[in-house]
Amino acid sequence: MTTTSMDMTGYGGSERSSGVGDTDYAGDVASGGIFTSDYKKYDDLKQMLDSNKDNLKLEAMKRIIGMVAKGRDASELFAAVVKNVVSSNLEVKKLVYVYLVRYAEEQQDLALLSISTFQRALKDPNQLIRACALRVLSSIRVSVIVPIMMLAIKESVMDMSPYVRKTAAHAIPKLYSLDPEQKEELMQVLERLLNDNTTLVMGSAVMAFEEVCPERIDLIHCHYRKLCVLLVEVEEWGQVVIINMLTRYARTQFRDPNRGDNKSTARGDTSTNFYGEENDDEDTENPSPPPLDPDHRLLLRNTKPLLQSRNAAVVLAVSQLYQHIAPSSEASEVVRAMVRLMRSHRETQAIVLSNIASITTQRKGLFEPHLKSFFVRSSDPTHIKVLKLEVLTNLATESNISGILRELQTYLGSSDKQFVAATIQAIGRCASSISSVTDSCLSGLVTLLSHRDECVVGESVVVVRKLLQTEAVPHKDIIKHMARLLPSIRIATARASILWLLGEHCEKVPNIAPDVLRICAKSFCSEEDSVKLQILTLATKLQLSNPQQTVLLCQYVYNLAKYDANYDIRDRARLLRAVVLPSTGDAPSIFTANAKGLFMAYKPPPQHQSTFKDREQFQLGTLSHFINARASGYKDLPDFPEEAPDPTVRSVPEFADSVSPKHKTVKKTSKTAKKFYSSGSGESEDESDESSDEESESSKNDDGSKKESDCSSTSSSQEEDSGSSSDEEESSSSSSSSDSDEESSSSEEDSSGNAKQEQQFESSAKKPVSGKPTKSVESKTKSNLDMLLSLDEVPPSIDTPMLTPSMGGFLPVGAEPSTTTPGVSGPVAAAVAPGYTYELLNRVASGGLAIKATFTRSPHLYCPKMATVQLSFTNYSDEIIHSISMETSDSKLFHPFPSLSNLAVGNTAHATLGVDFCDSSQSASLGILADGRRHGVAIAPRVGELVAPTRMDEATFTQHQGSLRGMHEQTKSGLKLSKEAELQDLVAPLLTAANLWLLQHPQSIRLCGKTLSGGSVVLVVVTVADGEARLTVHCEKLTVASMLLKELAHVIDSL
Amino acid sequence: MIHSLFIINTSGDVFMEKHWKSVIPRCVCDYFFDAQRKANCSEDIPPVITTPHHYLISVLRNSVFYVAVCLTEVPPLFVIEFLHRAVDIFVDYFGECTEATIKEHYVVVYELLDELLDNGFPLATESNVLKELIKPPNILRSIANTVTGKTNMSVTLPSSQLSNVPWRRAGVKYTTNDILLDLTEEVDAIIDKSGATVTSEIQGYVDCWARLSGMPDLTLSFTNPRLLDDVSFHPCVRLRRWEDERVLSFVPPDGNFRLLTYHISSQSVVALPVYVRHNISFRDTAAGKMDITIGPRQTMGRTIENVKLELPMSKSVVSCNLTATQGKYSFDPVTRVLMWDVGRVDPSRLPNIRGNLSLLSGAPPPESSPTISVQFTISQLAVSGIKVNRLDIYGEKYKPFKGVKYATKAGKFQIRT
């Protein structure tokens, strides 16, 4: 290799930057690089690395990296380079890292010097530096540092930055390959990572799982639904790994969807929960589909959109999933996407075509409509052409064969001989598989026998021979024709084929066969081995059928073969001679007597089948499938179990339910999400906040006790309300207060809180999932929360604050969130919930059905712009009401409640409806269908329900107040208060009337929030002076402001 | 997953290697060279080569081979797709990705490779993210760097590098905000001897060039979205919104990216914009005649430009003596490819080329006629009839400049003769 002398000049970069800094010095080195010995050059590099100029160091590092990149040995410089690991220059540092990873294995002792730097960097506030340190540390393949690595991984798994956690996931297989004995401990770490619900981490976690402990499929159970639901959000490479893993999982956990019988209907009972509609759809298509496990269905449904991925690997992964685990009626979903992939790079094409070829051997119909996409273009590379031919042949049926044959015929004219040969074989296969065209194909092939090109002729001979073998009727003319061709054909396989054919049909061409043997015996010595063997066979057969003409010839051939160079031929000759021409002394053996039976027996015709037939054993899309051999590390795809294992192992209940596909989560801060799901705990948190505030104030404030009682009364009433309002809230309200404390501290700024919360989540997930309902709801809450945290397909609208990864500051653990951090604003839970309730439909008017509407004041799951209205249906009639559903004209403004079935007499059912009021107090009308009867109702909100509380600090409040002046500010003063009323007495009634957040302020009541639909800031200030209250409302939306003013004034007045 | 990567030029020089796990000696490439020798042309090298201990998975881009070495079972397409993505990133960084550019920017390439994979598994492959970590070289900056002595590396790492939209960097700011869409359609077709269409399909793609500040949320709708029934998207597109409403809603990455690709399959009828009349015949007397005319068919009044015809002749053709009414022709005596660069087609005077072909003396006339490959471009026309209806921007206050450009090109447009 000439690289040694060329290396430095090859890279323009070094020359260009050699002008920088110390010109003379750098120039010297550059020239030295070419002419001086290696030793000298390294000396210069070492000097540069030792200098205190970053330029020089960088220059030296760049050259060293250049050497590494070219594969030249730069290990001598190790000591000099590693010193610079502490360099403050980021680029130098990075290049040192790169170098270190490459050579650490060779210089273990010296490498250890750098470890402390990484340990320090692991604690850096910048997430990228932490991640980078972990990445390099774990890439150093020195077994001494295994414990350090383990420690680093364990810490990083708990890191608050998902990027660092992702790196930690990558480090796990590295450590495992370095020291497999750490498996147990790594698996614990891995379990923790699998619990991570950030989409960034999930793919890498599953990758680590696949590398470390793929056999522990039981670890996946409780994450299965999460993986399915969040799959779309995972980055593309992770998707491939997850889909492949889930394919294997599905094969072990579900029953074969294509099994005809459907014995166990017991499994089906869960399938009606939330996939009821789906199953109905299928019913109409397919009279009796075996019920799919709902989780099975979930997987299929959630992978389907990925067929639109730009990444071919993802598309193919989904395709193989559908081929391996979907009911056969759905396997066609993937066809179009696979055909689309064929337009991609040639390498992609090759892989996809080989998979298609494999599929078409089993399921012909799938790709038939796309037949034309497999037509060969002259510009395709040969291996692609051959694969396309394979597919075309597999797709051939009675109906399309004429088109295919016409196409194949044009290929025969190609200048690519290998391709032409493959085409001839393809014609042969079509001929043998479709009987109606056999004759025309055969005659076509025979004309090819007189083709000018030898290869074509040779290939046609072989194919014709195979065809004749399958044909019951011998084609005497063709055999004669071929015998005549023999002298002109030089290709061994073709010659061998003709000889074999003559031998087989020697009785039908009694005159020709002995003559051919005579000619061949003459040229025996110069033939190829395979032809020699066939000459022997021919001789034997002739000797048996026509001894008087050929016995001498036969002996002659045997004698020639006896002294052949090839031992195979010598052996064969000896065997044949012993059987056919025993030496005169011996008694005729049993073989001799049955020689005719031995050699002239009927031979079954060869099967013309696709070479892809035997690839069925491999999973589609794998390396093993492509190379048609077992690659190391290949795991067979298990067969479906006879009886599905217990499906309940997967239930982390309602996870999938709450994140149903329609569900469009909207980025909100964690607060809202939590509050929504466990409003009980949310309230208690607010209380605790308040009470702590109160305590601090109580010294100043004389009326502390009074206020406290006030608060407790509100909270108790809330609890009652929430208890009756929904089952979900009821169960979650029992979650412990410590729990809520931790949650409360987990605002984005608070790293410690986050970490804590995660830890806590893990612990909750570790608990047996089939446990009490409280726990299940709890974990569900968390998973939803994390879904919100992770990126989903949500319009990142401006009004909702972005979730930016935090700065990694290590705030003290007990730090007060949000109140201490300036500039925080974000939605919070309602202080007083639920809002007002009124009767929507009177029992008298409807004939027995009464509907009450309650504004729960929690953000709606479907869209944050919607107010959540809980409808309570009570049946006062004497008959069961069978179905209750709703109809609306405008689906954008409503998120309908799922229809209820069977409301028994006297019972009450609840349903939650989302309504977008568009920030106006106009009532929204909708129709409720009960037993087919339509009741028109109108939901009229109070203006207080059109807003949502938002947390704000003092400064933000003032800032907003400043910007909402003039006509956005409306004031009403002179509101008379009853004599003894104090400022704080107004808080509770005001919060009941309007869904706002209370900002503590000594001199006034400050309430803030945002309108639900438009997200405009709403501020309310109440001041009291001389028994008169002054009320000010600020809002961009004038109508909201004026209505709110009126409403709140009324509240104050009525006190 | 991917153990090592070797970058090899067509003459068999390994000019860069990178190992993500332990070092694999480069002699493993010998198996690749064997396959290279066996293949007729570099296109024919199989994408996967099995060796006793390793699996070599290679892609060929711009006459450079990228050979990934794997030790264990791995989805081959995963590796292939990754290699192509890596090359795409190099192209994004350096404008093109040839042997020369890789050698010129070897440090950046090496750093990129280091960021792209961790332990052989892709770590960061979004160019927006990578550009935050490693600044792409450009002329202006390299001059500035020479003057100021700074480097390409951003001195401080971005603290919140992973913005909540993984494909877009945070804090983008431009003085003028532009978004340009390029809607390009490539027509693939096979036309048989008699001029009948054997198969024709359209491969379309929308490339986006976005220079928008902040976090814009875009909505793109088409006038006839039902044409798009076989589509693949950039990950930024919200699939659900597409499925429900047939609009593309997305937060774009910064810079260039391919928003969507669509495929209109051979089952639907595609209007072919050009036709070619040809007559190529060989007589036994070591000579042949050729006469080719090209004309527009359905172009909606647009002119066909950049027309080029390529005829790979049989090996027995030695030279051509032709006259073209328009454009230039050239015949490469080594590859035996006849190129005719026509240029623009004037419907009133159809371009024609005719003349004699001389064969190797004594050689029999070739049994097959060449397949004509046609290249053309038609600007301001999307042959499928797809049209952008509107592009709305939400989430940002400014009004960007919006532009859409349509073009139709020939993809694999072949005429059998």
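Only one of the listed residues (A:V461, A:V446) is of a type in the set (V, I, T) and farther than 27 Å from A:N566 by Cβ. That residue is A:V446.
For region B:248-263, filtering for residues that are farther than 19 Å from B:M215 by Cβ and more than 11 Å from every other protein chain (Cβ to nearest Cβ) leaves 0. If the condition is being among the aliphatic types (A, V, I, L, M) and away from chain B (no Cβ under 11 Å), then region A:169-190 contributes A:L186, A:M187, A:V189, A:L190.
Only one entry of A:R343, A:R301 meets the criterion of being more than 28 Å from A:Q253 (Cα to Cα) and not in a strand (DSSP E or B), and that entry is A:R343.
In region A:610-633, the qualifying residues are those that are closer than 28 Å to A:R225 by Cβ and not aliphatic (A, V, I, L, M), and the one that is surrounded by the most Cβ atoms within 10 Å (Cβ to Cβ) is A:G621. Considering only region B:18-26, I want to know if a residue exists there that is within 8 Å of another protein chain (Cβ to nearest Cβ), touching a helix residue (DSSP H, G or I) at 6+ places or on another chain (Cβ under 6 Å) and modelled with pLDDT of 90 or more. Scanning region B:18-26 turns up at least one residue that is within 8 Å of another protein chain (Cβ to nearest Cβ), touching a helix residue (DSSP H, G or I) at 6+ places or on another chain (Cβ under 6 Å) and modelled with pLDDT of 90 or more.
Strands (runs of 3 or more DSSP E) fully within region B:349-417 that include at least 3 residues being in contact (Cβ under 8 Å) with a residue 60 or more places away in the chain and within 14 Å of another protein chain (Cβ to nearest Cβ): B:371-379, B:388-394, B:401-416. Pull up region B:287-328, narrow it to residues that are assigned to a strand (DSSP E or B) and among the hydroxyl-bearing types (S, T, Y), then point me to the one that is surrounded by the fewest Cβ atoms within 10 Å (Cβ to Cβ). So the residue we want is B:T323. For region B:184-215, a residue qualifies if it is away from chain A (no Cβ under 12 Å) and either closer than 19 Å to A:G413 by Cβ or not aliphatic (A, V, I, L, M) (or both), and the qualifying residues are B:T184, B:E185, B:G195, B:D207, B:C208, B:W209, B:R211, B:S213.
When region A:402-438 is filtered for residues that are free of Cβ contacts under 8 Å to residues at least 60 places away in the same chain, in a helix (DSSP H, G or I) and of a type in the set (D, E, K, R), the ones remaining, listed by number, are A:R406, A:E407, A:K417. Pairing residues of region A:181-195 that are under 13 Å from A:I220 (Cα atoms) with residues that are of a type in the set (F, W, Y) and in a helix (DSSP H, G or I), at Cβ distances under 7 Å and at least 6 apart in sequence or on separate chains, gives A:L190/A:F209; A:L194/A:F209; A:N195/A:F761.
Considering region B:28-53, the residues that are more than 10 Å from every other protein chain (Cβ to nearest Cβ) and assigned to a loop (DSSP other than H, G, I, E, B) include one that is surrounded by the fewest Cβ atoms within 10 Å (Cβ to Cβ), namely B:P52.
Within region A:316-349, the set of residues being of a type in the set (S, T, Y) and away from chain B (no Cβ under 14 Å) comprises A:Y322, A:S328, A:S329. One residue stands out in region A:355-410 among those that are within 21 Å of A:E330 (Cα to Cα) and within 11 Å of chain B (Cβ to nearest Cβ): the one that is modelled with the highest pLDDT, namely A:N355.
Residue pairs whose Cβ atoms lie under 9 Å apart, separated by 6 or more positions or on different chains, with the first residue in region A:604-629 and away from chain B (no Cβ under 14 Å) and of a type in the set (V, I, T) and the second surrounded by fewer than 21 Cβ atoms within 10 Å (Cβ to Cβ) and in a loop (DSSP other than H, G, I, E, B), are A:T611/A:N628. Can you tell me how many residues in region B:265-290 are under 16 Å from B:S194 (Cβ atoms) and away from chain A (no Cβ under 14 Å)? Residues that pass the stated criteria total 7. Residue count for region B:81-107 under the criterion of being touching a residue at least 24 places away in the same chain (Cβ under 8 Å) and facing chain A (nearest Cβ under 9 Å): the result is 7. Residues in region B:368-417 that are buried (at least 16 other Cβ atoms within 10 Å of the Cβ) and charged (D, E, K, R) were compared, and the one that is farthest from A:S373 (Cα to Cα) is B:E396. Pick out the one residue from A:T908, A:T912, A:T888, A:T868 that is closer than 24 Å to B:D244 by Cβ and either among the aliphatic types (A, V, I, L, M) or surrounded by fewer than 17 Cβ atoms within 10 Å (Cβ to Cβ) (or both). That would be A:T888, the only listed residue that is closer than 24 Å to B:D244 by Cβ and either among the aliphatic types (A, V, I, L, M) or surrounded by fewer than 17 Cβ atoms within 10 Å (Cβ to Cβ) (or both).
Among the criteria (1) in contact with a helix residue (DSSP H, G or I) (Cβ under 8 Å, 6 or more places away or on another chain); (2) surrounded by fewer than 23 Cβ atoms within 10 Å (Cβ to Cβ); (3) of a type outside the set (A, V, I, L, M, F, W, C), the one A:R225 does not fulfil is (2).
Taken over region B:61-80, the criterion of being touching a strand residue (DSSP E or B) at 6+ places or on another chain (Cβ under 8 Å), within 11 Å of another protein chain (Cβ to nearest Cβ) and surrounded by fewer than 21 Cβ atoms within 10 Å (Cβ to Cβ) is satisfied by B:L71 alone.
Within region A:86-144, take every residue that is in contact (Cβ under 8 Å) with a residue 60 or more places away in the chain and facing chain B (nearest Cβ under 9 Å) and give me the one that is farthest from B:V129 (Cα to Cα). By that ranking, first place goes to A:P125.
If you go through region B:81-96 and keep only what is crowded, with 20+ Cβ neighbours inside 10 Å and modelled with pLDDT under 90, you end up with just B:Y93.
The values are calculated or read from the model by the stated rules, or taken from the named source; none is laboratory data. A quick note: this is a predicted structure, and the numbers were derived from the prediction, not measured. All Cβ positions, even for glycine, are placed from backbone atoms using ideal geometry, and neighbour counts span all protein chains on display.
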